[in-house]
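Just below is one structure, and these are the notes that go with it.
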Amino acid sequence: MPEILTERPVIGVSACLYDCPVRYNGKRFDAVSHLGRERGDFRFMPVCPECMAGFGVPREPIHLTGPGPDVLDGTARVVTRRGRDVTAELVAGAQACVDALERAGVRVVILKEESPSCGLLKTKVGNHREKDVKASGVFGALLQRKRWFLVPDAAFDSPLKWWDWRRRMHAWLWLSDRSTATNGELADAWHVVKFIVQETQRTEADAIGRAVAALPRHAAAEELEALRSRMLDALRVPTTHERALSAMWKSYTYHRKRGTLEGVDVHELTVRSPEVRRNATMLAEELLTLERVSFENDLLFASSPVLYRERRRVRARDEALGKAADEEE
């Protein structure tokens, strides 16, 4: 059976991605609208480090003389177009956003890529932003040091990318909150999230599995926590189209061979073999339908071992499954 999250995740988001006109030129992006009805599965906390720095809208563009981590370490600066040093202001604004997110219980943040403040995987460095650096902006670097689950806005590029980020985020939140104070608890947790790690990083999954099996009896808390941190880090790594397709087919054929799908409403889903080509949208639709089948019938599909559903839906599902069990008796 899949693990179920019933607390609606609170997600921080760069305010400009949430249709807030806070960019330096007053523009905005409505990226979150791509989620459609799924948007209601989350509570969002929009933040803008540059506004919290006191720069206002509109404002002079800023640039970094080095990547965000260097700014935090004091070896790079934040400078306006006219050359004014605003390093201290932006660092203070980024910290104010972190403080607000912590008060809201946020541990997941969606960030605007290539921004000098919110960039996560890459940002522009230099007076004319001519240098594309594979590093974070100032706010992104501060969040990375918090070790939260961070999502680039490229997650909205396709339904498959968002499906992958969402299911890994759910697994990360579940593992973060779960007790792993004993060998058994850690092993049980690993048996849930290992499916995703095996799909995205087989070598690392095998190494973690061996480390869990080799734990001494009554392992120290520090050793258990180190392994959980390793599992959490592994959940940050995205999948690929090919890996997601292969994992889906493997899980689907497993259930079909066992007969657990007999008499189950699969909502007209036909999962085709990996040899049948389909685009990202079609693959995401198959994966989402399998999640629906998984939840409604309490079946574990390895591609999504942790799901979010409202409590009322869980109660309704459990009542329906209970009635079915009574009828069989």
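What is the Cα convex hull volume of segment 3-155 when expressed per residue in Å³?
107
Given the Cα-Cα distance of S179 and R230 and 0.36 nm per residue of separation, how much length would full extension add, in nm?
16.8 nm
What share of Cα pairs, in percent, lie more than 21 angstrom apart in segment 241-328?
Value for segment 241-328: 33 percent of Cα pairs lie more than 21 Å apart.
With the convex hull built on the Cα atoms of the chain, state its orientation-averaged projected area in nm².
19.6
Which whole-angstrom value gives the distance between the alpha carbon centres of segment 194-229 and segment 257-329?
Answer, in whole Å: 28.
How far, in nm, would the chain grow between A213 and T6 when pulled straight, counting 0.36 nm per residue and subtracting the alpha carbon separation?
My answer for the length gained is 71.5 nm.
Taking other Cβ within 10 Å of each residue's Cβ, how do K122, K112, K250, K146 sort, fewest first?
Ordered by Cβ neighbours within 10 Å, fewest first: K146, K250, K122, K112.
Sorted by average packing, counted as other Cβ atoms within 10 angstrom per residue and highest first, what order do 283-289, 22-28 take?
Taking the mean over residues of other Cβ atoms within 10 Å, the ranking is 283-289, 22-28.
Report the charge-dipole magnitude of segment 51-128 in Debye, nearest 20, computed about the Cα centre from +1 at each Lys and Arg Cβ and -1 at each Asp and Glu Cβ.
240
With unit charges on the beta carbon (Lys/Arg positive, Asp/Glu negative), name the residue among A234, V314, P152 whose Cα is farthest towards the positive pole of the charge dipole of the chain.
Checked the options; the winner is P152.
Can you give me the distance in nm between label points at K27 and L321, each placed 7 Å from the Cα along the Cα-to-Cβ direction?
Distance between label points: 4.8 nm.
So, in nm, how far is label V237 from label S273 when the simple model puts each one 7 Å beyond its Cα toward the Cβ?
2.9
Given 20 °C and 1.002 mPa s, how large is the Stokes-Einstein diffusion coefficient of segment 178-220 in µm²/s, with Rh as the Kirkwood radius over Cα pairs?
Estimated diffusion coefficient is 200 µm²/s.
Fewest Cβ neighbours within 10 Å first, please rank S246, S117 accordingly.
The order, fewest Cβ neighbours first, is S246, S117.
Which of the listed residues, W162, A100, N127, is farthest toward the dipole's positive end in the chain, when Lys, Arg count +1 and Asp, Glu count -1 at the beta-carbon?
N127
List the Cys residues of the chain that have no partner Cys with a C-beta closer than 4.7 Å.
That list is C16, C20, C97, C118.
FYI, it's all coordinate maths here, none of it is from the lab. Remember, predicted model here, so these are calculated numbers, not experimental data. Please note: Cβ atoms are built from the backbone with ideal geometry, for glycine as well, and neighbour counts cover all protein chains shown.
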